[in-house]
2 protein chains.
Amino acid sequence: MLILKLGGSVVTHKEKPFTPHAENITRLAAEIAEADAQPLVVVHGGGSYGHPVATEYRIAEGYREPTQLTGFSKTHQAMVDLNGIIVRRLLDAGVPAFAVSPSSFIATEGGRITGIDLHVVERLIESGLVPVLYGDAVTDTSQGFAILSGDQLAVRLATGLGADRVVLGSDVDGVYTNDPKLDSDARLIEELSLSSRGGEAKIGDALNTDVTGGMQGKVAEAAEAVEAGIEVLLVNATVDGRVKAALRGENVIGTVLKR
Amino acid sequence: MLILKLGGSVVTHKEKPFTPHAENITRLAAEIAEADAQPLVVVHGGGSYGHPVATEYRIAEGYREPTQLTGFSKTHQAMVDLNGIIVRRLLDAGVPAFAVSPSSFIATEGGRITGIDLHVVERLIESGLVPVLYGDAVTDTSQGFAILSGDQLAVRLATGLGADRVVLGSDVDGVYTNDPKLDSDARLIEELSLSSRGGEAKIGDALNTDVTGGMQGKVAEAAEAVEAGIEVLLVNATVDGRVKAALRGENVIGTVLKR
């Protein structure tokens, strides 16, 4: 069982509101079809679909006033739209994708998933389908609502479903010794031991604002899966062939997270 | 707590594939906003969105061969599209609608809901939102997948949430003594006692083919809610003002189902 997370910066043009990255989506749908690695669950981020509305209505801060209800719903609808584009592209490529809406079955507590009922996701997988979930605006037992990041969701699906590997695809090659966009001497860390992670300065932040956290948040989320003995691999999903190789278990440029 | 079901023949042009009935949807969104009857849950049917794909791939018959997986997913995506149109129209009218995907949390058994976890729906209602669900292509524990009708879902939501009233809006005024389209002497039955329902010939079938059953199926589904002491009202949602009056508990042309 594999979990593939595709970041919002991969599936959308992050700087242009509500603009899917059609080229990346089409290429990745073909890579997923060619890798033929089932059972598989796909999770994608929001990028320029989820974030503008979520930010405008301050959804991540929780419920403060009634006008946010509209924003909460619109944030979800934006994600439904993006998800529909990705699911249809996967179907076109021959991947039996099926849309699953996180906010329809997950309520967080303070922004964190405390329990998750995976019986429908398991049934979809047993049927030979590839469930496609996403970072979503979800109800929250303590703050009314919250933003559930695709990273958190991917890791919880991995531990809950007993996945063998999680592939986290973003727009950077992995974790660097320093921010490669600021330091030309920065080196890609091929294997990162979380127990010796130490100084946060070691982890280059992902570019652009992301209401659900960049590379540092990604590594912190992934720790739960790594602790559970699941292999977590960070790869650059914007580079041709990396996701396909990662799904196949082949050698690929990226960062493997270790205990 | 009210449950409003809007039939596929109300929200779509049933004879034209993938064509929403924009006029009805806009009018009903305004009626729902004006009725201001919260807590409220809305369920809608598939009409020309759900049925063409479901019929082509024979989804209602359950899993028979792999090509159906694509059809199963496409049936769901068609419903997601229709749901998105309805949710956005409700938001525009000032109703805090929120899309909930049935197939993301409900698996049927032989086409019937056996258990249903309503914690997310309840949390949405507590937040002041109006969950909007729909008849959907769902996984099924005995036949792989099935079509969950909006009628069955509406009734199960009513009993599960302890609703006071279920309003089933279709394109006919209610239950007639005979099919009014064949018999000009047919009279509308204002109160139908289910215990004395007797001959099925009494119940005029809804027009057009409906893979999930017409008026007879509607009354049979509703029986569960009626037994639980919930008022069930059949009204013509294509006629201006009927749904608004029904939501407000005012006198309205239709059929009330009784024990």
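Charge dipole of chain A (Cα centre as origin; +1 on each Lys and Arg Cβ, -1 on each Asp and Glu Cβ, all else neutral): 180 debye, rounded to the nearest 20. Taking amide H atoms as placed 1.01 Å from N in the peptide plane, the amide H of B:H21 lies under 5 Å from those of B:T12, B:H13, each 5 or more residues away in sequence or on another chain.
Here the Karplus relation 6.51 cos²θ - 1.76 cosθ + 1.60, evaluated at θ = phi - 60°, turns the backbone of region A:24-31 into coupling constants of 4, 4, 5, 4, 5, 4, 5, 4 Hz, with x for every Gly and Pro. Most simply put, chain B has about 30% antiparallel DSSP beta bridges, counting only bridges with both residues inside it. Of the three principal axes defined by the Cα atoms of region B:62-164, the extents in descending order read 44, 28, 19 Å. Positive end of the dipole of region A:54-188 (Cβ unit charges, origin at the Cα centre): among A:I85, A:A154, A:Y63, the Cα lying farthest that way belongs to A:I85. Across B:V87, B:V41, B:V121, mean-square fluctuation computed from a Gaussian network of chain B (C-alpha pairs under 10 Å connected) peaks at B:V121. Taken along the Cα-to-beta-carbon direction at a fixed 7 Å, the label points for B:Q216 and A:T67 span 5.4 nm. What a 1.4 Å probe finds exposed on chain A is 46% carbon and sulfur by accessible area, rounded to a whole percent. Remark on region B:75-114: hydrodynamic radius 11.5 angstrom, per the Kirkwood mean of 1/r across alpha carbon pairs.
Under the convention that each Lys and Arg Cβ holds +1 and each Asp and Glu Cβ holds -1, the size of the dipole of region B:71-127 around its Cα centre is about 200 debye.
Projection of the Cα convex hull of chain A, averaged over all directions and equal to a quarter of that hull's surface, yields 12.7 nm².
What would the Debye equation give as log₁₀ I(q)/I(0) for the protein assembly as shown at q = 0.07, 0.12 Å⁻¹, counting only Cα atoms as equal point scatterers? Calculated log10 I(q)/I(0) at the listed q: -0.40, -1.04.
Protein heavy-atom accessible surface, 1.4 Å probe, per residue over chain A: 38 Å².
Solvent-accessible area lost on pairing B with A (1.4 Å probe, both sides summed) amounts to about 3000 Å². Computed over the alpha carbons of region A:1-145, Rg followed by Dmax gives 15.4, 47 Å. Highest GNM mean-square fluctuation among A:H21, A:H76, A:H44, for chain A modelled with Cα contacts below 10 Å: A:H21.
Of the beta bridges DSSP finds with both residues in the protein assembly as shown, what % are antiparallel, to the nearest 5? Among the beta bridges of the protein assembly as shown, antiparallel pairing accounts for roughly 30 percent. Rounded to the nearest whole Hz, the Karplus-based 3J(HN,Hα) values (6.51 cos²θ - 1.76 cosθ + 1.60, θ = phi - 60°) of region A:139-153 follow the sequence 6, 9, 5, 9, 10, x, 8, 7, 9, 8, 6, x, 5, 4, 4, with x at glycine and proline. Per-residue ellipticity at 222 nm, computed for chain A from helices alone with -39500 (n - 2.57) per DSSP H run of at least four residues, works out to -11000 deg cm²/dmol. Our coupling estimate for region B:32-44, obtained by passing each phi through the Karplus curve with A = 6.51, B = -1.76, C = 1.60 and θ = phi - 60°, is 5, 4, 5, 5, 6, 9, 9, x, 9, 10, 10, 10, 10 Hz, Gly and Pro reported as x.
The values are calculated or read from the model by the stated rules, or taken from the named source; none is laboratory data. Just so it is clear, the model here is predicted, and its values are computed rather than measured. Positions of Cβ are backbone-derived with ideal geometry, glycine not excepted, and every protein chain shown enters the neighbour counts. SASA here: full protein model, heavy atoms, side chains in, ligands and nucleic acids out. Shrake-Rupley method; radii C 1.70, N 1.55, O 1.52, S 1.80 Å.
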